[in-house]
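The values are calculated or read from the model by the stated rules, or taken from the named source; none is laboratory data. Computed from a prediction, not measured in an experiment: that's the story for all the values here. A quick note on method: Cβ atoms are made from the backbone with ideal geometry, for glycine too, and the neighbour counts reach across all protein chains shown. What goes into the accessible areas is simple: the full protein's heavy atoms, side chains included, and nothing from ligands, DNA or RNA. Shrake-Rupley method; radii C 1.70, N 1.55, O 1.52, S 1.80 Å.
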Amino acid sequence: MIDISNVNKWYGNFQVLTDCTTSVKKGEVVVVCGPSGSGKSTLIKCVNMLEPFQKGTITVDGISVGDKGTDLPKLRSRVGMVFQHFELFPHLTITDNLTLAQIKVLGRSKDEAMAKGLGLLDRVGLKAHAHKFPGQLSGGQQQRVAIARALSMDPICMLFDEPTSALDPEMINEVLDVMVELAQEGMTMMCVTHEMGFARKVADRVIFMDKGHIVEDCTKDDFFGTPRSERAQQFLSKILNH
Amino acid sequence: MIDISNVNKWYGNFQVLTDCTTSVKKGEVVVVCGPSGSGKSTLIKCVNMLEPFQKGTITVDGISVGDKGTDLPKLRSRVGMVFQHFELFPHLTITDNLTLAQIKVLGRSKDEAMAKGLGLLDRVGLKAHAHKFPGQLSGGQQQRVAIARALSMDPICMLFDEPTSALDPEMINEVLDVMVELAQEGMTMMCVTHEMGFARKVADRVIFMDKGHIVEDCTKDDFFGTPRSERAQQFLSKILNH
Amino acid sequence: MTNHLNWLLFFQPIVDGEDTVWWEMLFSGLLWTLATSAVAAVIAFTVGSLMGVLRTTSHKGLSFIGNAYVEIFRNVPLIVQFFIWYFVIPEFIPPLKQWSINQDPTEVQFITSVVCLGLFTASRVAEQVKSGILSLSRGQRAAGYALGFTEAQTYRYVLLPMAYRIIVPPMTSEAMNLIKNSSVALTIGLTELTFRTKEMGENTFAFFEAYIAATVLYVIVAMSVNRIMALVERRTAVPGYIAGGK
Amino acid sequence: QDTGTLKKIAETKTLTIGYRESSVPFSYLDNNQKPIGYSMDLCWKVVDAVKAKMKMPDLKVELQPVTSANRIPLLQNGTIDMECGSTTNSVKRQEQVAFGNTTFVTNVKVVVKKSSGIKSLADLDGQPIATTSGTTSVQLIKQHEKGANINFKEIYGKDHAESFLLVANDRAKAFVMDDILIAGLVANSPNPGEFMFLPEVLRTEPYGIMLRKDDAPFKAVVDTTLNGLMKSGEVNKLYTKWFQSTIPPKNVNLNFPMSPELKAAIANPNDKGVE
Amino acid sequence: MNSLDFSAISTSLPYLMGGLGYTVQLTVIACLGGIFFGTLLALARLSSIKVLSNVAAGYVNLMRSIPLILVIFWFYFLVPLVLQAITGAERPPQIGADRSAYITFIMFEAAFFCEIMRAGIQSIPKGQVGAAYALGLTYGQTMRLVVLPQAFRNMLPVLLTQTIILFQDTSLVYVLSVTDFLGAASKIAQRDSRLVEMYSFVAVVYLVICFTLSMTVKALQKKTQIIR
Ligand SMILES: Nc1ncnc2c1ncn2[C@@H]1O[C@H](COP(=O)(O)OP(=O)(O)OP(=O)(O)O)[C@@H](O)[C@H]1O
Ligand SMILES: Nc1ncnc2c1ncn2[C@@H]1O[C@H](COP(=O)(O)OP(=O)(O)OP(=O)(O)O)[C@@H](O)[C@H]1O
Ligand SMILES: [Mg+2]
Ligand SMILES: [Mg+2]
């Protein structure tokens, strides 16, 4: 589904990604972790070309995202993405947030979009809030709406960039629950997160990054069992200790 | 050391604190927890009058903080405080951050202040960074400097307001370690935090707040054993689950 | 000369034997001020938005155009720009020159003023629009793209609606500046409020009366603009969204 | 005992002259930024007389530039003590200020481009006419018998140079102003031959040195000085120097002979203002 | 334009440069004075003392709603009369056009710098004030040592941008017949009937100076961003 091969990226002289190669198969859930600044967000944003990269190739569902000729808006509309800070559109109601892209990008009718949107809202447990604005919801609720918004485009895979790290501890679980459910339904997911509980529960594979390199890329059991690199061991001990 | 008795506070018509009563004895470590918006920060800020309150009394070391005649700057200089967002002064070097108040408030000489500051910086493991600006340090490092800054005033007690919640997971432990050490040395501490590991390790008492009320105020063992209120149970289950 | 202000002067004819009295002159000046400002505001908003957007796009050439526009128009004093639009530019464009000769002179002054003031203010508006767009978290643009919006759609549906709301307060001062700046049009002979005020002062020597009247009128206009913009701000406020917060 | 300006001069030991910076050839800056001109020469004579009368040889003279807009207030609030420029002495202004005896007489005339084909006031019907804001000379057209029935549009220039530029650029068909000021503008223009005056004289206006009102002793000094110059014929020499010879900074000659009205005013010094 | 003649510019260059010198001097003094009084006004506006903040707000709003040209007039003709009323002098004291220009621009710019400094102070997180108080600093110390230095740094680009506007606005002192750059140019232009040449020259000079300044602002903005 997602093939990343030898991707390199520089900001000026600073190399953020070095020879990153990995792939995500259909239905697979891959968790990406690693210390701050290691390039996790950058890598995941390269997948739908929110960040351009200078070397290597990435294909999504067989389409190379770096090609000049690629219809990026179309490709992006098929890849769902959820951000750390939700990024709901604050001037639109929840309903409008859910239907805008369906109408303007997929060309669905208003009714169709509405039906789809409300269905998904129900699924994340927020049907009662359809008329509100994002600012009137708690962080956890906003993030659930953001997931519903991404799903409304019927994506073939989903990208998550630390979806719970901006949340109050109490709200983390309500978001993780939705994500677990999604994973169990067979959605293809690539997910940057520090929530090792989530990784333990649903991940098929874990990728560990450090300084722009993919240092570990192995099954969940291998990762939590015996990560090969010292850096990964160190990271795990820090993160699991408190 | 700190006596809080029947404190009430309103923002306009909205009551943030209702009849809060508790106390912290010399050498005691008290952890304050509770859901977001329950008034934890407000309560702890009332202790050194960073937030004025309308009813009740708070005394620190026998001095009533709410009295008109109280020399607040002097009182505050004896109460160390550490904030969620570090609040180092970004335009001053680490050294200047550590010495400014010593010189301007306590009237120490530059050399004296410097010696004190560098000693504490060493203690939090950051001596090598003395000449840098806060923006050049990581979050965990900044928070350790903030603790050193508070200690530089030789406080009789310390207040912490979620000192680790703005940190990357990896950095939380380096800050908690400093705090644990401080607690074990016998510092009087009142500490708003969600880090239950920290509470388990060093807290003498745990206070649980909800909607401006102190709902639980009991020993650590009682709290983690059998919290009486349903709300506290619910909160604990959410926070310990992931 | 301040001992006795003669307010009755406002009801005296501008020239002996004519019907027009001074307050009518000042009032007609006020109308020109308002008309000039209103039309210039439309130009400033349209051109300014366009230039502001150009400056934030990923296209190098377009953002160069936007930047060059702003630098040229905000770095020459308005009074000099007026002179150039009125006296210099027509000399180099024969059809424009022909038009300016044949047209009613008042119309020429009005149109020149509106264009000059509008394009000048547009450079300020462009600054605001740009900073409004940049003040949105970068994630908003990314979220737009991630949903499959094109760049134009992202601006239209995601960035601009929020950017405009954010810049209402600075745009209020720009609107007030625009009205104040319209007084510089007196230098090309547009008979707006300050022109009429000076005229009244010089003809009647009642400088104080004239300037007090003008000051009061300007303050009233400024306050009205302020109220209107406050209304706009309230009307467009997003529930739950605290300006500047996320 | 001295009162008014003389008292002030005695106390402060200074006299402040207000001058114009571009009123050729009455009062304007030369290339060294010194105010020179016909009115300035006359004023320096007044200064000499003040020095002599007050027995203050080291009287300090300060020079303060003024504009048409601020000259009256500055005189009234005491910033300047006399204004040496090209200010029309009018009855209306005399309600606010006083004038020394007439030093020059101008005729308000209309300048047009020769190529415009306009030959008389009547041809101006329906045409745009330039006028400098703050002046009222255009209204004189209506008061002239030949202009009584015509309609025209006023275009305001910020200053005389701009008003004249409007005519030079064909934006206005005519410019109504004091003939001497127009003569200066024409002489300085790239093609002086392009322009001509219409024959009609719209009004005759006396110029005078402007002084504060109700200050007879100081006015007496000014008038005595001027009358002396007129009797001795020195005024005629000054006139030739400034109006009929080449003058700085560009060495043009205005070629502006003395009008009969000025000759009469010199023969009979007076401070009558125009209505 | 059949015949452009730029010779008037070269012969009067010293005069024009003198004017430019005055413009720069007025800008610098008005800027420094404006920042000083503007900061005081900003503190007054943010003060919890109602009267103080209302008076300051009233002053700022008045200054911001009338055209500069009117403000210049008011200060020029009123200040001597006000001083006379205060001192009871027989004649209005003479403050002179250039001193009047300084006062006018300082007072006028103070209103604008007030708003900038206010925004600057408000942009400092409340936690900074809390931290300073928590260390025992007084209000004065907190402002002087913690808030204002940061506010000033944050606002430096905006302050400079306003200064560029101020630099252009000083051209309006021509109404006082003070000879600034534009005043000098327009006087020579009128004397020699060379309006088009002069104003084109003025436009170019302003464009070059202001463009250089705004490039400086941009560079500075980059630098302060790194400090943060
Ligand atoms: N626009 C940019 N210009 C220059 N460097 C950048 C830019 N964006 C990110 N970087 C740098 O690239 C590196 C990788 O950033 P990235 O955001 O991908 O890290 P991350 O692993 O997601 O970290 P975090 O856990 O903090 O989100 C960091 O060192 C960061 O400083
Ligand atoms: N300046 C203010 N004006 C009005 N209401 C306020 C203000 N500051 C805080 N509040 C409200 O007071 C309540 C308590 O706030 P407080 O910051 O003490 O909560 P908290 O328990 O520290 O929460 P958190 O875990 O989010 O920090 C909240 O509902 C908050 O919205
Ligand atoms: Mg990231
Ligand atoms: Mg809090």
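A few comments on the model shown:
- Residue in region B:80-103 that is within 10 Å of another protein chain (Cβ to nearest Cβ), touching a Ser or Thr at 6+ places or on another chain (Cβ under 8 Å), closer than 18 Å to B:P163 by Cα and within 16 Å of ligand 4 (Cβ to nearest atom) present: yes
- Some residue of region E:147-170 being of a type outside the set (A, V, I, L, M, F, W, C), part of a helix (DSSP H, G or I), away from chain B (no Cβ under 14 Å) and more than 30 Å from E:V79 (Cα to Cα): yes
- Residue within region D:232-239 that is touching a helix residue (DSSP H, G or I) at 6+ places or on another chain (Cβ under 9 Å), within 14 Å of chain C (Cβ to nearest Cβ) and open to solvent by less than 10 Å² (accessible area, probe 1.4 Å) present: no
- Selection status of D:M54, more than 23 Å from D:M177 (Cα to Cα), away from chain E (no Cβ under 14 Å), surrounded by 15 or more Cβ atoms within 10 Å (Cβ to Cβ) and touching a strand residue (DSSP E or B) at 6+ places or on another chain (Cβ under 8 Å): no
- On the stretch given as region E:179-205, residues that are crowded, with 23+ Cβ neighbours inside 10 Å and of a type in the set (V, I, T) total 3.
- Pick from region A:209-225, criterion within 16 Å of ligand 3 (Cβ to nearest atom) and not in a strand (DSSP E or B), ranking: farthest from A:C191 (Cα to Cα): A:K211
- Residues (more than 14 Å from every other protein chain (Cβ to nearest Cβ) and in contact (Cβ under 8 Å) with a residue 12 or more places away in the chain) located in region C:51-64: C:M51, C:G52, C:V53, C:L54, C:T56, C:T57
- Checking each residue in region A:32-65 for being within 16 Å of ligand 3 (Cβ to nearest atom) and charged (D, E, K, R) picks out A:K40, A:K45, A:E51.
- Condition check for D:E95: more than 13 Å from chain C (Cβ to nearest Cβ), out of contact with any His (no Cβ under 7 Å at 6 or more places or on another chain), closer than 24 Å to C:I14 by Cβ and open to solvent by 50 Å² or more (accessible area, probe 1.4 Å): no
- So C:F64, is it within 25 Å of E:A203 (Cα to Cα), under 16 Å from the mean Cα position of the chain (by Cα) and open to solvent by 30 Å² or more (accessible area, probe 1.4 Å): no
- Residues considered: D:G126, D:G78, D:G134. Of these, the only one that is part of a loop (DSSP other than H, G, I, E, B) and without any contact (Cβ under 8 Å) to a residue 60 or more places away in the chain is D:G126.
For every residue, the table says whether it meets (1) closer than 30 Å to C:P94 by Cα; (2) not in a loop (DSSP other than H, G, I, E, B).
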| residue | (1), (2) |
| --- | --- |
| D:V167 | yes, yes |
| D:R171 | yes, no |
| D:I180 | no, yes |
| D:A183 | yes, yes |
| D:M230 | no, yes |
| D:N236 | no, yes |
| D:I266 | no, yes |
| D:P269 | no, no |
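- Flag if A:P134 is away from ligand 4 (no atom under 16 Å from the Cβ), over 21 Å from B:K238 (Cβ atoms) and touching a Pro at 6+ places or on another chain (Cβ under 9 Å): yes
- Residue in region C:218-226 that is within 16 Å of the chain's Cα centre (by Cα), open to solvent by less than 10 Å² (accessible area, probe 1.4 Å) and within 14 Å of chain A (Cβ to nearest Cβ) present: no
- Taken over region B:57-79, the criterion of being within 12 Å of chain E (Cβ to nearest Cβ) and of a type in the set (G, A, S) is satisfied by B:S77 alone.
- Sub-8 Å Cβ pairs linking a first residue in region A:38-52 that is on the phi > 0 side of the Ramachandran plot to a second residue that is near ligand 1 (Cβ under 7 Å from one of its atoms) and open to solvent by 10 Å² or more (accessible area, probe 1.4 Å), at least 6 apart or interchain, are A:G39/A:V16, ordered by first then second residue.
- Only listed residue being over 23 Å from the mean Cα position of the chain (by Cα), touching a residue at least 12 places away in the same chain (Cβ under 8 Å), open to solvent by less than 70 Å² (accessible area, probe 1.4 Å) and within 13 Å of another protein chain (Cβ to nearest Cβ), chosen from C:I101, C:I79, C:I14: C:I14
- For C:E233, the conditions (1) surrounded by fewer than 18 Cβ atoms within 10 Å (Cβ to Cβ); (2) facing chain A (nearest Cβ under 10 Å); (3) under 20 Å from the mean Cα position of the chain (by Cα); (4) among the charged types (D, E, K, R) are fulfilled apart from (2).
- So B:I58, is it more than 30 Å from B:M171 (Cα to Cα), open to solvent by 10 Å² or more (accessible area, probe 1.4 Å) and away from ligand 1 (no atom under 16 Å from the Cβ): no
- Failed item, numbered, when D:A49 is tested on (1) part of a helix (DSSP H, G or I); (2) closer than 25 Å to E:I9 by Cβ: (2)
- Failed item in (1) of a type in the set (D, E, K, R); (2) within 16 Å of ligand 1 (Cβ to nearest atom); (3) within 30 Å of B:N13 (Cβ to Cβ), with B:D210 passing the rest: (2)
- Leading residue by the ranking (nearest to the other protein chains (Cβ to nearest Cβ)) among those in region B:1-19 that are within 11 Å of ligand 2 (Cβ to nearest atom) and not in a loop (DSSP other than H, G, I, E, B): B:Y11
- Any pair with Cβ under 7 angstrom, 6 or more apart, that starts in region C:188-207 at a residue that is at the interface with chain D (Cβ under 7 Å from one of its Cβ atoms) and closer than 18 Å to C:T106 by Cα and ends at one that is aliphatic (A, V, I, L, M) and buried (at least 24 other Cβ atoms within 10 Å of the Cβ): C:G189/D:I155; C:F195/C:L186
- Selection count where residues are away from ligand 4 (no atom under 11 Å from the Cβ), among the polar types (S, T, N, Q) and open to solvent by less than 40 Å² (accessible area, probe 1.4 Å), scope region B:37-55: 1
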